[in-house]
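Notes follow the structure.
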Amino acid sequence: MRFLLVLCMLLGSPSVFADAYLELYQKAGWPQQQTHFSSALEQAQLRYKNTLPSAIYQALLENSNKRFATDAMHQRGQQALRQNLDSPSSALAFFNSAIGQKISTAEVAATHPEQLQRYAAGLPAIEADATRRLLIRHLANALPASKSGAEVTLALGSVAADSLSQMLPGLMGAEQANALLESQRQRLLTEIDANIDNTLLHVYRDLSDAELEEFVSFAQSPEGQAYYQAAFKTLQASLSNPQ
């Protein structure tokens, strides 16, 4: 009888049916980041409008809209998160906490179109004492921030290249294209790494030193590392070009 009561209680609990991976995806701010990426994509498309022949520009629009369709990106991202994170429990607990939500809010705010436009010429130099700079350095080592920034930039920059390749088949071989892509990735990583500490100081400027230290502790923990490694693969999958 006791077993039946426990079973009924479990089956009647909403948590049994809750999708923890989906909740983590939402709590960590992925849907909002996707919205901001879509805005950046629109701006990237507009930059080519008056510089490309109409046929190539139309191909650019069709290719990039198909590749970066919101629902498809969410589907690829959520699938990658499930495949690459054995358990969402620890990360979900962190992002459900007050500090986790403050971090998610700060990250989403940093990629808002208005913020990107405001700091298009570069971020201001952020003043910080030695303790805070040390915490930020630890955070920079624990997060895939530079790699993520490079992947997003490459994805936005690829919309024209993809369309040119379609209109002019054979323009560049697969091996040559991959070598060029890797060269661009390394160049971007070098550029982003040179300013990553100042960037993180800006993004997390509203966190106290104590909150920043708590963030670093999670990011450096085995559970945090597991999440951020999965998060980077989630980003890659979201941005990937489906064949």
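Just so it is clear, none of the values below were taken in a lab; they were calculated from the coordinates. What you are looking at is a predicted structure, and each value in this text was computed from that prediction instead of being measured. So basically every Cβ, Gly included, is an ideal-geometry build from the backbone, and we count neighbours across all protein chains shown.
Summary table
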| quantity | calculated |
| --- | --- |
| Difference of contour (0.36 nm per residue) and Cα-Cα distance, Ala98 to Leu22 | 25.5 nm |
| 18 Å cut-off, amide nitrogen to a point 7 angstrom out along Ser183 Cα→Cβ, residues in the stretch 137-155 | 154-155 |
| Relative contact order of the stretch 20-239, pairs being alpha-carbon contacts under 8 Å that are 6 or more residues apart, as % | 39 percent |
| Set of lysines with alpha-carbon distance to Lys147 below 18 Å, sequence-local pairs under 8 removed | Lys233 |
| Volume in Å³ per residue [convex hull over Cα atoms, computed for the stretch 86-140] | 134 Å³ |
| Whether the stretch 179-243 is rounded, prolate or oblate, judged on the alpha carbon gyration tensor where a/c under 1.5 counts as rounded | oblate |
| Contour minus Cα-Cα distance for Glu211 and Asp193 (0.36 nm per residue) | 4.1 nm |
| Computed FRET value (nearest 0.05) for Lys66 with Ala121, which takes r as the C-beta separation and R₀ as 22 Å | 0.10 |
| Alpha-carbon centroids, the stretch 42-99 and the stretch 186-242: separation in whole Å | 18 Å |
| Under 21 Å from the Cα of Lys49 - lysines, other chains or at least 8 residues apart | Lys66 |
| Spacing of the two label points (7 Å from each Cα toward its C-beta) at Ala130 and Leu46, in nm | 4.7 nm |
| Peptides ranked, highest mean first, by Cβ atoms within 10 Å: ranges 35-43, 183-191 | 35-43, 183-191 |
| Lys/Arg +1, Asp/Glu -1 at C-beta; the stretch 20-239 dipole; positive extreme among Ala40, Asn63, Phe232 | Asn63 |
| Debye, to nearest 20: dipole size of the stretch 20-239, +1 on Lys, Arg Cβ, -1 on Asp, Glu Cβ | 480 debye |
| Shape category assigned to the stretch 20-239 from the gyration tensor of Cα positions, a/c cut at 1.5 | prolate |
